[in-house]
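Only the coordinates and a few stated rules stand behind these numbers; no lab work does. Quick caveat, the model's predicted, so the values are computed rather than measured. Methodologically, a virtual Cβ is constructed for each residue, glycine included, from the backbone with ideal geometry; neighbour enumeration extends over all protein chains shown.
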Amino acid sequence: MKLRWTQRARRDLIEIGRYIATDRPGAARRWVETLRRQARRAVEFPHSGRRVPEFEREDLREILVSGYRIVYAVRQEAIEVLTVFDGHQRLRLPEGEESDTLS
């Protein structure tokens, strides 16, 4: 099984890294790598993440990492990382993306 990152998830990682880098560039690189490494674990254990509470679908999972949520979809051919964001926020998908991404 492969790991794929959506454009949105890639942008999320870049934004997280930039935000942390304003104060601590080295820490930003390490943190982004930690998030990537945690996402790679989903390839080995796809259903180990909890179901996303906003959707309660078996194929939508998330990994919680020190206050961040890595949301991914379990697909037949791959694990697809949909977004990465601060866990204090609710998952919100842009209008129209929900049906495309979650179908």
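The residue list Arg29, Arg41, Arg36 contains one member that is of a type outside the set (A, V, I, L, M), more than 18 Å from Asp86 (Cα to Cα), in a helix (DSSP H, G or I) and touching a residue at least 12 places away in the same chain (Cβ under 8 Å), which is Arg41. Return the residues of region 1-55 that are of a type in the set (Ser, Thr, Tyr) and in contact with an Asp or Glu (Cβ under 9 Å, 6 or more places away or on another chain); say none if nothing qualifies. Hit for region 1-55 is Thr6, nothing else. Of the residues in region 56-77, not one is more than 13 Å from the chain's Cα centre (by Cα) and among the hydrophobic types (A, V, I, L, M, F, W, C).
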